[in-house]
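Everything on this sheet refers to the single structure shown next.
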Amino acid sequence: MTHRTLIIAALALSLMNGCKDGAGKKDNHESQDTMKEMTLARDVHSFGKPNDVAIKHMHLDLEVLFDKQILTGSVRLDLENKTGADKLYLDTRQLDIKEVILDDGSKANYRLSDEVEFLGREMVVEILPSTKHVTIRYETSPEAEALQWLKPEQTAGGKHPFLFSQSQAILARTWIPCQDGPGVKFTYTARIKTDPALMALMSAENGRELNADGIYEFKMDQPVSSYLMALTVGDLAYRSTGRNSGVYAEPSMLEACAWEFADMQSMIDSAEELYGPYRWGQYDVVVLPPSFPFGGMENPRLTFATPTIIAGDRSLVSLIAHELAHSWSGNLVTNETWDDFWLNEGFTVYFEQRIMEKIYGKNYADMETKLGMGSLQETLEDLKSRGKEDDTHLYLHLEGRNPDDGLTDVAYEKGRFFLQTIEYAVGRERFDVFLKKYFTENAFKAMNTERFLSYLEDNLIQGDSTLRQSLMIDAWVYGPGLPPNTPKPESSELDRVQAQVKKFLEGSAPSRLDTSGWTTHHWLYFLRALPDDLSLERMSQLDKSFGFTNSGNSEILCDWFQHCIDSKYKDAYPSMEKFLKRVGRRKFLTPLYERLARSEEGKAWAVRVFSEARKGYHSVSENTIARLLNV
Ligand code: BES
Ligand code: ZN
């Protein structure tokens, strides 16, 4: 069959399945298996038209210029032209395109559209149906949103500059012209030239030593989506943590990071026992400077992580289990559009919790699950009160919006509880067989919500209408809030904490509470269970007994500081100011600035601190906080 007939066959099939727009909504996996190509659903966040011409491989050749804060060089895009199209549609944003060269060496005509909010500029390259590749010479801008260029003083070592990228969700286009939608997968190679004192790493096969010539070659020969393109450059060193795992960090942090991540290898082993082989060879983590805007980012073979998980007691390592789990849910089986985001994150939280349970036991996983429900309920109430109930559906409608705005706790936690509901209904054993099969059969493919639901029907529900009804699938996926069959997380450990909260609220002095054996999770539950109108006296007692203001644990600090703001407990403000200026992780910044902005005095303080801190933030965090404070 030619590609064109394949497309027509796919269209016909999807029509037969009741899909009006031919967007592949109801193609089930059999049609995928029997046909090599799959029609991708329309991605409202990309100008790419991959159903006509798709990028199959990319070769990047870039030089890293720290003094100008730009990447300069070229990308060669190897194409598969499925329909004999004479135009290639790409996503670009903030890029300076120099020229486009076709495979015969001739210059191609191209045009760039006007800038569209969030999406950037559509780039249309005139090609021939026979064009096998195009080479684009270009330069990034110092403002490129995906890239953060750090001065030496923003690093642990203080001597060298640092660069890292963050491509998810739609920022890859700010450093590589490409088809920047998660449904498009390609392999890549790269040659990165940088200052010989620095090491370059990508989401690919990485070296472990500094190269004297400053030239690094990379290879990723399994297909990945553009949001998984990643680069970091800095004063980095490597330490192995097991058979196929290890950590990169600045030299002064390396020891502490390797200690913190001692269980990484057993996480990989547990994940493989659960859902089949790890398909990417090596699994490493690079611990970045504190301005990294996320907790973690699942870049293939090389998770990018915030140093705020280096707590000194291994209590925040579930983040590693999470990013590792994405090696199956997300990196292998990938949400086709950002409206299907829960397929990435909900599956990953579920998987993460299963890894944690295997390694640290049920009590531990139960605590995390119950804490997860707490934050989900808070998110649901908040979205409801702001009239954004549509954002509490698992399947999202992000058209016309920055996907970044729609990506909330809902995909993570509601997604997890939906999967847990299925697990409880069919039993763990059956559900695990199903999930393993799902990851295996859909590896290196894109998945959308409709297709997942028909896969679920075909492979698990299998016509059992009692089961189907009991799952309440439509309410979970297309409805608001939490359906009545939501599991109720129980944790005996956190019940212990609840009893102490009660004692405290009845007037007991903090020093009289029984906190023996409490870990980070107990403390987080304790802090979240406290009311938000504690008196200054109670705050000060708590601080004296438990030393929250000087905690070395970023999660505890973030929850404590929220109480400090509510109660105007000024003793903690110097420490909070330091925290806000050092850490750029958006999950911590957002609730703090948001709470500060509730009072006039708080807002003035927040605006002042933000004005001093913002130059140290990654644009992802900076934009969120600027919008929040209206500055
Ligand atoms: N893939 C996400 C990060 C992300 C999502 C970046 C959407 C940009 C857009 C990553 O796997 C993640 O979920 N990170 C969490 C940590 C996790 C333990 C919940 C984070 O950064 O806090
Ligand atoms: Zn995730």
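Residue-by-condition table, conditions (1) more than 16 Å from ligand 2 (Cβ to nearest atom); (2) in contact with a Cys (Cβ under 9 Å, 6 or more places away or on another chain); (3) not in a helix (DSSP H, G or I):
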position: Gln500; (1), (2), (3): yes, no, no
position: Gly507; (1), (2), (3): yes, no, yes
position: Gly552; (1), (2), (3): yes, no, yes
position: Trp560; (1), (2), (3): yes, no, no
position: Ile565; (1), (2), (3): yes, no, no
position: Asp571; (1), (2), (3): yes, yes, no
position: Lys581; (1), (2), (3): yes, no, no
position: Gly602; (1), (2), (3): yes, no, no
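Name the residue that is farthest from ligand 2 (Cβ to nearest atom), counting only residues in region 339-355 that are surrounded by 24 or more Cβ atoms within 10 Å (Cβ to Cβ) and within 18 Å of Arg314 (Cβ to Cβ). Across region 339-355, the extreme among qualifying residues is Ile355.
Among the residues making up region 152-189, those that are within 16 Å of ligand 1 (Cβ to nearest atom), of a type outside the set (A, V, I, L, M, F, W, C) and within 17 Å of Ile136 (Cα to Cα) are Arg173, Thr174, Asp180. Return yes or no: is Leu302 touching a residue at least 12 places away in the same chain (Cβ under 8 Å), within 20 Å of Ser225 (Cα to Cα) and within 14 Å of ligand 2 (Cβ to nearest atom)? No; evaluated as a whole, the condition is false for this residue.
What tally of residues in region 312-340 results from selecting those that are of a type in the set (A, V, I, L, M), within 11 Å of ligand 1 (Cβ to nearest atom) and in a loop (DSSP other than H, G, I, E, B)? Reasoning before the result, please.
From region 312-340, those of a type in the set (A, V, I, L, M) are 316-317, 319-321, 324-325, 332-333; that's our starting set.
From what's left, within 11 Å of ligand 1 (Cβ to nearest atom): 316-317, 319-321, 324-325.
So of that shortlist, the ones also in a loop (DSSP other than H, G, I, E, B) come out as 316-317.
So the count comes out to 2.
Please enumerate the residues belonging to region 58-75 that are free of Cβ contacts under 8 Å to residues at least 60 places away in the same chain and surrounded by fewer than 17 Cβ atoms within 10 Å (Cβ to Cβ). Asp67 - this is the single residue of region 58-75 that is free of Cβ contacts under 8 Å to residues at least 60 places away in the same chain and surrounded by fewer than 17 Cβ atoms within 10 Å (Cβ to Cβ).
Going by what's in this entry, would Leu71 be described as of a type in the set (A, V, I, L, M) and assigned to a loop (DSSP other than H, G, I, E, B)?
Values: of a type in the set (A, V, I, L, M): yes; assigned to a loop (DSSP other than H, G, I, E, B): no.
When the stated conditions are applied, Leu71 does not pass them.
Against the list (1) at positive phi; (2) surrounded by fewer than 24 Cβ atoms within 10 Å (Cβ to Cβ); (3) within 13 Å of ligand 2 (Cβ to nearest atom), the condition Gly330 fails is (2). Residues that are farther than 22 Å from Tyr188 by Cβ and out of contact with any His (no Cβ under 7 Å at 6 or more places or on another chain) were ranked within region 280-291; the one that is farthest from ligand 1 (Cβ to nearest atom) is Pro289. Scanning region 142-160 for residues that are in a loop (DSSP other than H, G, I, E, B) and touching a Ser or Thr at 6+ places or on another chain (Cβ under 8 Å), we see that the one that is surrounded by the most Cβ atoms within 10 Å (Cβ to Cβ) is Ala146. Is there a residue in region 341-353 that is assigned to a helix (DSSP H, G or I), away from ligand 1 (no atom under 11 Å from the Cβ) and among the β-branched types (Val, Ile, Thr)? No: region 341-353 contains no residue that is assigned to a helix (DSSP H, G or I), away from ligand 1 (no atom under 11 Å from the Cβ) and among the β-branched types (Val, Ile, Thr). Scanning region 84-122 for residues that are assigned to a loop (DSSP other than H, G, I, E, B) and in contact with a helix residue (DSSP H, G or I) (Cβ under 6 Å, 6 or more places away or on another chain) returns Arg93, Gln94. Just one of the listed residues (Thr466, Thr440, Thr486) is modelled with pLDDT of 95 or more and in a loop (DSSP other than H, G, I, E, B), namely Thr486. Residue count for region 172-207 satisfying the condition of being outside any strand (DSSP E or B) and more than 16 Å from ligand 2 (Cβ to nearest atom): 20. One residue stands out among those in region 292-307 that are within 10 Å of ligand 1 (Cβ to nearest atom) and under 18 Å from Ala262 (Cα atoms): the one that is surrounded by the fewest Cβ atoms within 10 Å (Cβ to Cβ), which is Gly296.
The set of residues from region 102-118 being surrounded by 15 or more Cβ atoms within 10 Å (Cβ to Cβ) and in contact with a Lys or Arg (Cβ under 7 Å, 6 or more places away or on another chain) comprises Asp103, Leu112.
Only residues that are part of a loop (DSSP other than H, G, I, E, B) and within 13 Å of Ile310 (Cβ to Cβ) were counted in region 231-254, giving 1. Of all the criteria given as (1) touching a residue at least 40 places away in the same chain (Cβ under 8 Å); (2) more than 17 Å from Gly295 (Cα to Cα); (3) surrounded by fewer than 23 Cβ atoms within 10 Å (Cβ to Cβ), the one not satisfied by Gly387 is (1).
State yes or no: is Asp543 free of Cβ contacts under 8 Å to residues at least 60 places away in the same chain and touching a helix residue (DSSP H, G or I) at 6+ places or on another chain (Cβ under 6 Å)? Against the criterion (free of Cβ contacts under 8 Å to residues at least 60 places away in the same chain and touching a helix residue (DSSP H, G or I) at 6+ places or on another chain (Cβ under 6 Å)), Asp543 qualifies. All but one of (1) assigned to a helix (DSSP H, G or I); (2) within 14 Å of ligand 1 (Cβ to nearest atom) hold for Gly374, so report the exception by its number. With (1) assigned to a helix (DSSP H, G or I); (2) within 14 Å of ligand 1 (Cβ to nearest atom) applied to Gly374, the lone miss is (2).
Just checking, does region 230-248 include any residue being within 16 Å of ligand 2 (Cβ to nearest atom), under 29 Å from Ala172 (Cα atoms) and touching a residue at least 40 places away in the same chain (Cβ under 8 Å)? The answer is yes; a qualifying residue exists.
Reported count of residues in region 286-299, each being assigned to a strand (DSSP E or B) and either away from ligand 2 (no atom under 13 Å from the Cβ) or over 26 Å from Pro223 (Cβ atoms) (or both), is 2.
The values are calculated or read from the model by the stated rules, or taken from the named source; none is laboratory data. Everything quoted here is computed from the prediction, not taken from an experiment. Please note: Cβ atoms are built from the backbone with ideal geometry, for glycine as well, and neighbour counts cover all protein chains shown.
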